[in-house]
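Coordinate-derived values only; no laboratory data. Small disclaimer: the values here were computed from a predicted structure and weren't measured. In this analysis, Cβ positions are derived from the backbone assuming ideal geometry, glycine residues included, and neighbour counts consider all displayed protein chains.
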Amino acid sequence: MPKKHKFSVNGKRVEVDADANMPLLWVLRDKLGVTGPKYGCGVGVCRTCTSHLDGEEIQPCVVPVGECKNKEVTTIEGLANGDDMHPVQQAWIDADVGQCGFCQPGQIMAAVSLLQRKAKPTDADIDAIENMCRCGTYPRLRAAIKEVAGMPMDPPGNGKPPQGPPEDTPPNDRGQGGSGQRPGGQQGKPADGTSTDGEQSGDKESGGLFDGIGSAFGG
Amino acid sequence: MAEPEPTAQDKGRGLRRRKFLTFLVAAPTLTVAGRFGFDALTEASALPSPPALEDIADLGDAIRLASMPTTHLMVLEVTEDTTIRFELPRLEVGQGISTAIAMMVAEELDARIDDVNVELSDSRPELHFNQITAASTGVRILWDPVRRMAADARARLINAAANQWGLSAEELTTQDSTVRAPDGRTLSYGELAVAAREESSTGSKLKDAAEYTTIGTPVSRTDARDIVTGKALYAMDLPIEGALPTVVARPPTINGTVESVDDTKAKSMPGVVAVTTIPSGVAVSAETFYEALQARDALEITWGAGPIDGMSDADIRAKLKSTSQPLAAPKLRGSHLDATFDFAFVNHAPMEVESAAASVPGDGTAEVWMPSQTAIWAQGVIAGELGLNRDDVTVHVTRAGGSFGRRLFADVGIEAARVSQAIGRPVKLMRTRQDDMKHGRMRPAYHQKIRASYAAGEVLSFEHRVTGVTLDFDHGLGEALTSTLAQVAEGGAGQYYFTSSQSMPYHVGAVSQTLQEVQLGIPTSSFRSVYSGTVRAAEEVVMDELAEKMGKDPVEFRRKVVKTSSGKAVLTKAAEAAGWGKDMPAGHAQGVGYHAEYRSHAACVVDIDATDPANPRVTKAVLAVDVGRVVNPKGLEAQIMGSTMDGIATVLRAGIHIDNGAVRENSYGDYLWTKHADAPVTCEVHIIPATWNPGGAGELALPAAAGAVANAYARATGTRPRSFPINH
Ligand code: FES
Ligand code: FES
């Protein structure tokens with residue numbers, strides 16, 4: 001049954017009516033109007049949607065909203081502190097990394113996560129980043145990560161605690177209007193399975209990735 | 001229909017009503033191209049090859065001629081708040097054209113680059129062929145007219161200030177978006193915008209290159225901040241009120257048809273608003289993409305066969321092979337080398353899947369939001385599909401999340417418009433990645449034969465027969481080409497494109513390059529480097545093998561026979577910088593490749609680690625390029641790096657399989673494009689300074705890199721690569 005899910009997005013508490021299996025990516029994009037995380041595959045492979053859940057890297061396209069209860073979601077929009085860029089964002093600007101830009105929100109969120117885990121990543125650590133960049137910005141991505149290596153990684157948005165009661169931020173009125181969602185329009189029912197695209201069966205890598213995420217965030 | 005909200009990248013939009021100064025400059029005179037023909041032939045002792053069509057007037061020249069008559073219709077505005085707005089009739093796909101144009105405007109206007117706001121223009125049919133983004137022509141074509149517009153604007157602002165101050169224009173200078181008097185008084189361009197409307201552009205003059213302060217300096221992308229904060233908006237991010245997320249159930253095989261649909265279950269599912277059958281499949285529109293995807297899975301559809309049902313890779317290869325004309329070159333005195341090559345289909349796989357939003361409210365008008373390389377053509381075909389007048393349809397060009405040639409067509413724009421028309425609601429239609437893989441247009445598969453004959457250390461003839469699945473040119477570029485040089489277009493746009501873009505950059509005796517195409521009904525679209533991506537890669541492999549046969553070093557051999565001094569210079573630079581010939585462990589090797597097109601030159605040397613031949617890695621790539629005058633070295637370097645990654649991907653691992661009429665691949669999990677772990681850890685780009693007008697650079701490095709990677713692999717493993725990708 002559709003139910004209310006309460007969690008925080010970029011420091012603001014939100015409450016969303018949705019089928020518990022609805023991937024966080026579509027909750028963010030279609031219900032909350034948070035369009036920084038991009039769709040690139042829907043099965044956890046391209047990682048262009050990469051965001052953070054309670055400070056850990058996730059791929060929101062394969063994380064059901066039901067698993068976000070009372071957690072803090074950080075998207076690219078929540079990384080800067082107002083006009084002050086996060087050091088990783090600044091490094092990206094300085095190295096002029098982006099081409100089409102589409103993968104870069106995910107690349108940045110993945111790099112922040114890596115740098116939080118390991119302040120000075122090796123080339124092998126950078127090689128292990130799975131985020132796809134179809135424009136081939138890899139040399140500058142690598143350079144930007146090395147440039148910012150060793151710098152203190154402030155929590156996103158300087159770690160402001162979530163603000164505002166849920167009533168202040170009805171999810172359907174937030175953000176940029178999403179897809180013109182009407183408040184209260186979600187009368188979902190449980191979906192059968194978590195596949196939204198039937199792609200997992202055909203995609204060799206996705207099963208494993210999905211399992212990994214499932215176990216990391218399986219609560 | 002509400003316009004999308006202005007964004008940071010788009011700050012001028014909200015000021016549209018406060019136009020004060022709009023410059024419509026006279027059409028620039030048609031200047032003689034600076035680099036027609038051979039630029040300083042090397043004193044090659046090799047057997048000279050006569051010039052090919054590409055040497056004399058290449059594709060870019062033809063597209064420039066086609067776009068010239070309307071360059072005066074482009075719009076540059078200065079507003080009262082010193083925003084300088086240029087409506088760019090091109091698509092930004094990541095190639096950095098917006099930044100390069102902003103630099104040209106800033107340079108000739110003496111404006112701060114932050115004041116220059118380049119917006120992607122809506123479709124404007126009056127521009128005819130001057131709204132096509134293709135063939136690396138953006139900077140090349142706009143170089144002259146944009147600088148002239150900016151110089152005219154500057155002159156009018158100076159004249160306005162001179163009037164206001166009662167001084168002569170010659171006494172005044174410009175800097176940082178202001179006009180300055182000798183006594184230190186200043187007026188900002190915004191303050192002069194109204195008065196300058198009435199001024200003439202007397203005194204307008206382009207700067208000498210020696211005066212440049214912006215052009216030629218490394219400038220970061222003007223949208224860098226939008227990109228890193230998530231504010232850069234793509235088609236599916238636009239807050240178009242009421243636009244329903246829409247996905248399309250597509251047939252199991254390529255271009256299959258819909259025979260019957262049972263949508264009872266799907267329609268009863270939560271959030272579903274409408275189910276619409278369109279020629280390419282069955283569209284589900286819902287409140288969210290999640291619900292649309294769920295309902296799509298619940299549709300029961302009987303599908304009809306597609307044009308290649310039952311055909312697989314081997315059949316397609318056999319078909320190409322049997323169509324391919326025999327090599328005709330007589331086996332001349334001396335020896336000869338024959339080689340045949342096969343190239344798999346390649347999916348463009350741009351990061352942003354093909355997507356479009358549309359609003360067709362039923363009042364005879366339509367609006368479509370999509371990243372389009374051919375906006376005017378898209379406007380026309382969408383109008384045709386909807387039964388509307390072209391002028392009642394607007395295509396809003398949105399920034400693209402990559403293209404690589406995929407956005408030459410309007411397939412999803414047409415789909416979105418049809419669905420919106422049918423249901424009377426705005427929609428945003430997105431392909432899933434799997435849709436994009438299985439039904440997206442592709443670089444055609446090719447079968448290529450080469451015969452080269454040689455004697456006494458010289459190549460006497462070089463014959464190349466290219467046979468491929470038909471490359472679809474029905475997207476407006478073909479019309480632009482045939483409008484300029486119709487007599488060459490007898491064989492259709494493909495033949496013309498081939499002839500006008502292909503030439504052999506070496507003196508290798510009598511050269512013949514021909515193209516034959518086989519129509520199979522498979523959706524295709526030009527891929528970055530178009531024909532050169534395969535044709536020149538194969539030729540570079542043969543060049544290495546010729547060198548080996550004749551006992552010559554691959555770099556020295558190329559340097560000796562390359563036609564131009566620019567070619568020789570880039571080869572020398574790349575080889576030097578890469579330490580060509582250095583000792584390498586077993587299973588490792590270097591490889592070289594060279595390519596010239598669109599008046600530009602690239603040489604590439606890569607180091608490969610192929611100790612595991614099934615999983616080779618390019619560990620280092622060194623490129624040297626000469627692209628004429630460089631507008632933005634940072635942007636150029638990015639393009640060269642990006643196209644190098646494409647060369648690595650297409651040679652080593654990324655290729656599509658066709659099984660019984662369907663694409664096998666689903667996503668990036670099984671379509672193995674270059675990732676961090678495949679990218680060279682070191683990638684150097686050396687730019688040879690040059691002063692002639694800019695050539696094309698967006699596609700340049702792919703063939704050179706592809707050749708270098710294939711040759712490095714051959715040298716490391718001792719095998720001769722003949723089928724690409726090598727690890728398919
Ligand atoms: S869209 Fe989430 S990993 Fe590709
Ligand atoms: S910048 Fe275009 S996909 Fe990475």
Those lysines that a straight Cα-Cα span of less than 17 Å connects to residue B:449, excepting residues fewer than 8 apart in one chain: B:319, B:321, B:331
Note, ³J(HN,Hα) from phi for the stretch A:20-27, Karplus 6.51, -1.76, 1.60, rounded to Hz, x at Gly and Pro: 4, 7, 4, x, 3, 4, 6, 4
Apply the Karplus parameterisation 6.51 cos²θ - 1.76 cosθ + 1.60, with θ equal to phi minus 60°, to every residue of the stretch B:603-616 and state each ³J(HN,Hα) to the nearest whole Hz, in sequence, with x for glycine and proline. 10, 9, 10, 10, 9, 10, 10, 10, 4, 9, x, 7, 9, x
Would you mind checking which residues have amide H under 5 Å from residue B:516's amide H? H placed 1.01 Å from N; only 5 or more apart, or other chain. B:466, B:467, B:468
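Ranking A:147, B:108 by Cβ neighbours within 10 Å, fewest first, what do you get?
Going from least to most buried by this count: A:147, B:108.
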Please list 3J(HN,Hα) in residue order for the stretch B:550-567, calculated via the Karplus relation 6.51 cos²θ - 1.76 cosθ + 1.60 where θ = phi - 60°; whole Hz, with x for glycine and proline. 8, x, 10, 6, x, 6, 4, 4, 5, 4, 6, 9, 5, 6, 10, 5, 5, x
How many nm is it between the label spots at residue B:548 and residue B:664, if each spot is 7 Å from the Cα in line with the beta carbon? 2.7
What residues have an amide H closer than 5 Å to that of residue B:525, excluding those fewer than 5 places away on the same chain, when H is modeled at 1.01 Å from N in the peptide plane? B:442, B:443, B:472
Bin by bin, in steps of 10 Å, what percent of the Cα pairs in the stretch A:87-156 do you find, going until the bin that has the longest distance? 22, 61, 17
XL table B:207/B:568; A:3/B:231; A:6/B:267; A:3/A:31; A:31/A:69; A:38/B:675; Cα-Cα > 21 Å flagged, in table order, is B:207/B:568; A:3/B:231; A:6/B:267
Residues whose modelled amide H sits under 5 Å from the amide H of residue B:619, counting only those 5 or more places away in sequence or on another chain, are B:607, B:608, B:609
Each label sits 7 Å from Cα toward the beta-carbon; between residue B:340 and residue B:202 the label points are separated, in nm, by 7.3
Taking B:643, B:453 and counting other C-beta atoms within 10 Å, the order from fewest to most: B:453, B:643
If each part is reduced to its alpha-carbon centroid, the stretch A:1-53 and the stretch B:674-726 end up apart, in Å, by 39
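If you rank A:68, A:49 by fewest surrounding Cβ atoms within 10 Å, what's the result?
Lowest count first: A:68, A:49.
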Size of the stretch B:387-427 as Cα extents on the principal axes (Å, biggest first): 32, 21, 15
For Cα pairs less than 8 Å apart in space and 6+ apart in sequence, what is the mean separation divided by the residue count of the stretch A:3-78, i.e. the relative contact order in percent? 40
Which lysines have a Cα lying under 24 Å from the Cα of residue B:573, excluding residues fewer than 8 positions away in the same chain? B:552, B:560, B:563, B:582, B:620, B:634
